[in-house]
Amino acid sequence: MTPEAKLQSECFKWFRYAYPRYKKLFFAIPNGGSRNKIEAKNLKHQGVVSGVSDTCLAVPRGQYHGLYVEFKYGRNKLSDEQEEFLKEVASQGYATATVWSFDEFSDVILNYLSDGR
């Protein structure tokens with residue numbers, strides 16, 4: 001498991017414990033990873049889109065329809081496709097975040113879910 005995958009797993013474990021009410025509404029989007037050419041082609045035909053964030057929290061808050069979170073680790077940066085996706089969903093009324101640590105993730109979630117309802 002990569003360090004980024006470990007971080008994401010750790011964050012999911014905490015989220016499901018802290019917010020059991022929303023456990024089915026916070027999900028991973030298995031969009032990345034290394035695949036062979038045939039599998040990658042099949043997934044593209046099935047609707048996989050390059051740059052889509054790692055996770056989505058399908059819970060509206062305040063002015064937002066939901067929250068997309070992209071996980072990074074170390075010196076990793078957003079790709080051009082990831083930056084474009086985050087801008088697109090933000091323009092459609094979604095909150096977005098990129099996190100490099102558990103503390104950043106938990107702060108994002110606590111702030112997002114405390115807004116309003």
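Among the numbered conditions (1) surrounded by 13 or more Cβ atoms within 10 Å (Cβ to Cβ); (2) at pLDDT below 95; (3) not aliphatic (A, V, I, L, M), the only one that F12 does not meet is (2). Please verify whether V89 is part of a loop (DSSP other than H, G, I, E, B), under 25 Å from R21 (Cα atoms) and β-branched (V, I, T), treating the condition exactly as stated. When the stated conditions are applied, V89 does not pass them. Across segment 32-55, the qualifying residues are those that are part of a loop (DSSP other than H, G, I, E, B) and polar (S, T, N, Q), and the one among them that is modelled with the highest pLDDT is S53.
Does Q63 count as among the polar types (S, T, N, Q), modelled with pLDDT under 95 and closer than 19 Å to N111 by Cβ? The answer is yes for Q63. Only one entry of A58, A28, A5 meets the criterion of being among the small types (G, A, S) and at pLDDT 95 or above, and that entry is A58.
Could you check, for segment 94-113, whether at least one of its residues is assigned to a loop (DSSP other than H, G, I, E, B) and loosely packed, with under 13 Cβ neighbours inside 10 Å? No, that holds for no residue.
Look at segment 70-91: where a residue is on the phi < 0 side of the Ramachandran plot and a partner is in a loop (DSSP other than H, G, I, E, B) and loosely packed, with under 15 Cβ neighbours inside 10 Å, sitting 6+ places away or on another chain with Cβ atoms under 6 Å, you get E81/S50.
For segment 15-25, check the following and say yes or no: at least one residue is within 20 Å of I109 (Cβ to Cβ), out of contact with any Lys or Arg (no Cβ under 6 Å at 6 or more places or on another chain), of a type in the set (F, W, Y) and part of a loop (DSSP other than H, G, I, E, B). Let's see the steps before the verdict.
So the first thing to find is which residues in segment 15-25 are within 20 Å of I109 (Cβ to Cβ), and the list is 15-25.
Adding the requirement that they be out of contact with any Lys or Arg (no Cβ under 6 Å at 6 or more places or on another chain) leaves 15, 17-22, 24-25.
Those left that are additionally of a type in the set (F, W, Y): 15, 17, 19, 22.
Next, from what is left, pick out any that are part of a loop (DSSP other than H, G, I, E, B): 19.
So far as segment 15-25 goes, yes, one or more of its residues are within 20 Å of I109 (Cβ to Cβ), out of contact with any Lys or Arg (no Cβ under 6 Å at 6 or more places or on another chain), of a type in the set (F, W, Y) and part of a loop (DSSP other than H, G, I, E, B).
Residue-level analysis places K77 outside the set of residues that are in a helix (DSSP H, G or I) and either surrounded by 14 or more Cβ atoms within 10 Å (Cβ to Cβ) or of a type outside the set (A, V, I, L, M, F, W, C) (or both). Looking across segment 100-117, the residues that are out of contact with any strand residue (DSSP E or B) (no Cβ under 6 Å at 6 or more places or on another chain) and either of a type in the set (D, E) or at pLDDT 95 or above (or both) come down to W100, S101, F102, D103, E104, S106, D107, I109, L110, N111, L113.
The values are calculated or read from the model by the stated rules, or taken from the named source; none is laboratory data. As the structure is a prediction and not an experimental result, all values here were calculated from the model. Neighbour counts run over all protein chains shown; Cβ positions are idealised from the backbone, glycine included.
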